[in-house]
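The values are calculated or read from the model by the stated rules, or taken from the named source; none is laboratory data. If you're wondering where the values come from, they're calculated on a predicted model, not measured in any experiment. We place every Cβ from the backbone using ideal geometry, glycine too, and count neighbours over all the protein chains shown. These accessible areas exclude ligands, DNA and RNA; they are computed on the full protein's heavy atoms, side chains included. Shrake-Rupley method; radii C 1.70, N 1.55, O 1.52, S 1.80 Å.
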Amino acid sequence: MGAKDLNVTSDPEGSRPPARRRSPFNSIKFFVFCHSLLQLAQLLVSGYMKSSISTIERRYGLSSQKSGLLAAFNEVGNTVLIVFVSFLGSRVHRPRFIGGGALLAGLASLLMALPHFVGGAYDYTDRISSSGENTSGLCQSESPLATSSSNQSCSRQESPAQLGVYPLLLMGQLLLGIAAVPIQPFGISFIDDHASRKNSPLYLGILLAVTSIGPAVGFITGSLMLRFYVDFDKLPEAQIELTHKDLRWVGAWWLGFLVAACLLFLTALPYLFFPRSISKEDGGDDDVVESRPDSKQQQTNLVQEISLLQFLKSFPRIALRTLQSPVYLLVVLAQVNLAALLAGLATFMAKFIERQFSQTVSFSTMMIGGVCIPLAVLGTVLGGVLMRRLNLSVSGASKLCTAAILLCMFSSTPLLFIGCPTQKIAGVFPPSAVLPCSSGCRCPQEAFNPVCGSDGVEFRSPCHAGCITVATDPNNNATNYAECRCVAGLGSAAPGTCGSGCSGLLLPFVALLGVTSFIASFSQTPSYMMILRTVPTEDKSFAVGVQYMLFRVLAFMPGPVLYGSVIDTTCILWGEKCGKRTSCQYYNLDRFRQRFLGLQVVFVCGGLLCFLLTVVVLRRRARRQEPQPAGKEGYELVSALSKEKRAEDLKT
C-alpha cells in the first residue's frame, strides 16, 4: 500500500508537464495550423496581385513592361535578405520573426490599396454626361468646351497624389517581398525541430499543399473582386455606366488587398504568444532511438557557430563550389527556365485570354485560378507519387523530367495556332490615314469608346465612326448610335467592341493549357529530389538556398518584365492622355499570340535541353562507376573529394 500511496502522491507532480501542454501555444499541431493559415493569406496576396495586374495597368495607364516590373518587384527585397535567413537559423525567436513578417505584409497590403483612396475617381473618355459639357463623343464640327474640360482633367491627372501612385505600388511590393523572408524558412525549420520524426513529413506536406492552393485562392478572389466597379464606393450605382465587357472597365482591384490585410493581421496575432521553443512532440520509439544523434548534432552546431562577417565571406566560395557540380547546375538551370515561364504566364495569361478570346477580366482570371493552377498542383503530387512508386534513382528521375518536358513541348506548340486574327479597326488595323468621313468631326486624340458598326467594322469611338445621334436608356447609358457617316449599310453602331470572333476556341485552348500545366508540373518533385541527392548531406540546405536565389535573380525578377516588354511590341494603338502615352488599347492579336506563347516554347526548349544534358552527364558518370553496386549509384553521387574540399573551406 505504501508504494501505491507513493505513486498516488507523485501523480499530481507528474501531471504538471501535461498541464502546461494544454496551452495551444505549446503544441506543434497548433503551430502547423496557424502557419497554414498564414501561408494561405500570404500567398493569396501574391496570387491576387498577379490576377489584378492588368486592371491596375488599365487604371493608371501603365505599359505591360511597367506592370511586369511591378509584379516582379517583391522579389527584390526578398532576394537581398533571404541570405541572412540561412545564417540566423535558430539564433532568433522564430515565431516572433514570423509574426513580425506577417504584420509587415498586412501593412504592405494596405499600402497597395492606398492609391485608390488618395487619388480621384477613375476618369475615362467619352462619357455620356447630363451636364452641358461635350462629353458624349459624337461627331461635332465645333466643340468649344472640349478644351476647358480637357485642361481640368489634365490638372487632376498631374496632381501629386496621382503622380505618386506607381512609386507607392512599388514600395508596397517591396515590403511584401521583405515580409515574406522569415515566414516560410523559419516556419519549416521550427516545425522540423519540434515535430516528431514520424509526423514531420505530414506537417510539411500540409504546408506544401497550402502553398500550392494559396495562389489559386488569390486568382479566384481576384475574379470575384474585379466584378465590382473600381469606384463603387464613390459613385451611386446609377452613375456607373460601364459594363464588364467594355474595354474601359476597371474592377475593384483594391478591395482584395484590404481583405488580405485583414487576414494577415488576424493570422499574425498567434505568433506573438508562441514561446521561442516548445516541447518536442512525442513520436514513440523512433524519436527515442534518434535522441542521442540529435543531441550530438546540436553540440556540433554550437561549436561550429560563426560570425555574420565570416558567413558572408564564405558564402560566395561555398556557392561557387556548389555550382561546380554539373548535375546540380543543369537541373537548377532547367528549373530556372520553367520558373521564368511560370512567372510570365501567371502574370499575363489572364490578359492574353481576355484580349485573344474577347472575355471579361474576371472570367479570364477564374480560368487561371480554377483550372490551370489546380491541374499543376495535381501534376506535382502525382509526379512525387510516381517517383516513389517506381523507386526512381537520380538517373531515372532525370529521364522522367526529360519525358515530361518533351510532352509539354508537344502540347504547348499547338497553342500558337489556336486563335483568330485582329478584328478590322478603322484607321488602326489595317493601318491607314485619317478617315475622310470623320475628318470634320474634330475627334479628340485621346478619345477611346469602342463601337461596333453594323457592317462589322470597329471604330475607336462614335466620333471616329462619324455618328451624329445617340439613343440612351433611362439611366443615360448609350444603347445605339445612328447616322454614322463611316459605317456602310444601315449606318448605325452598337457600343462596345466587335470582338475577335474567337470565343468558340476558348474551351480547346484552356483545355490544352491545363494539360500542359499538368504535364510540366510532373517534373517538379523529381527535379527537387535530384538536387537533394547530388550534393553533400551537410550542403543540402545551402544548395536549396542557392537554388531559390537563382530562381529569383534569373526567373522571378526578369521573367514578368521580359514578357511585358514582348507584349508591348505587339501594341498597334497606345492610349494617350494629356499628351502622355498610357496603356495599350489595341493589340495585333496574331503577333500577341505568336510572341507571347512563342516565348513560352523557348523556355520549354531551354528546360528540355538542360534535362537532356543531365541524362548525358549521368550516363557518362554511370559508365565510370560500373564496378560499384547499381543500387547505390542513383542515390549517392557525392565523392570523397567534395567532402575534403568542404573540410578545407571550413578550415579557411
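The length gained by stretching the chain between residue 424 and residue 123 to full extension, at 0.36 nm per residue less their Cα-Cα distance, is 105.7 nm. Percent of Cα-Cα pairs more than 13 Å apart in segment 541-593, please. Considering segment 541-593, 68 percent of its Cα-Cα pairs are separated by more than 13 Å. For segment 308-404, the alpha carbon convex hull comes to 170 Å³ per residue, rounded to a whole number. Across the accessible surface of segment 379-443, with the other protein chains kept in place and a 1.4 Å probe, carbon and sulfur atoms take up 68 percent.
Using 0.36 nm per residue and subtracting the Cα-Cα separation, the extra length available between residue 485 and residue 553 on full extension is 19.0 nm. Of the cross-linked pairs 351/580; 50/245; 50/313; 50/399; 198/399; 313/399, those separated by over 28 Å at the C-alpha level are 50/313; 50/399; 198/399; 313/399. In this structure the amide hydrogen of residue 577, modeled in the peptide plane, comes within under 5 Å of the amide hydrogens of 582, none closer than 5 places in sequence on its chain.
Considering every alpha-carbon pair of segment 190-269, the percent of pairs per 10 Å bin, from zero through the bin containing the longest distance, is 15, 30, 25, 16, 9, 6, 0.
Taking Cβ atoms as reference points and 14 Å as the exclusive limit, the residues near residue 112 contribute a net charge of +2, counting Lys and Arg as +1 and Asp and Glu as -1. Taking the alpha-carbon centroid of each part, what is the distance from segment 185-254 to segment 307-364 in angstrom? Result: 21 Å between the Cα centres. Note on segment 492-610: semi-axes of the ellipsoid equivalent to its C-alpha gyration tensor, largest first and rounded to whole Å, are 40, 20, 11. So, R0 is 41 Å and r is the distance between the beta-carbons of residue 605 and residue 473; what FRET efficiency does that work out to, to 0.05? After rounding, the FRET efficiency stands at 0.20.
Gyration tensor analysis over the Cα atoms of segment 349-428 returns equivalent ellipsoid semi-axes of 37, 16, 7 Å (largest first, whole Å). Using bins of 5 Å that start at zero, the share of Cα-Cα pairs per bin across segment 432-561 amounts to 2, 9, 11, 12, 9, 7, 6, 6, 7, 7, 6, 6, 5, 4, 2, 0, in whole %. A Förster radius of 51 Å combined with the Cβ-Cβ distance from residue 439 to residue 544 puts the calculated FRET efficiency at roughly 0.20.
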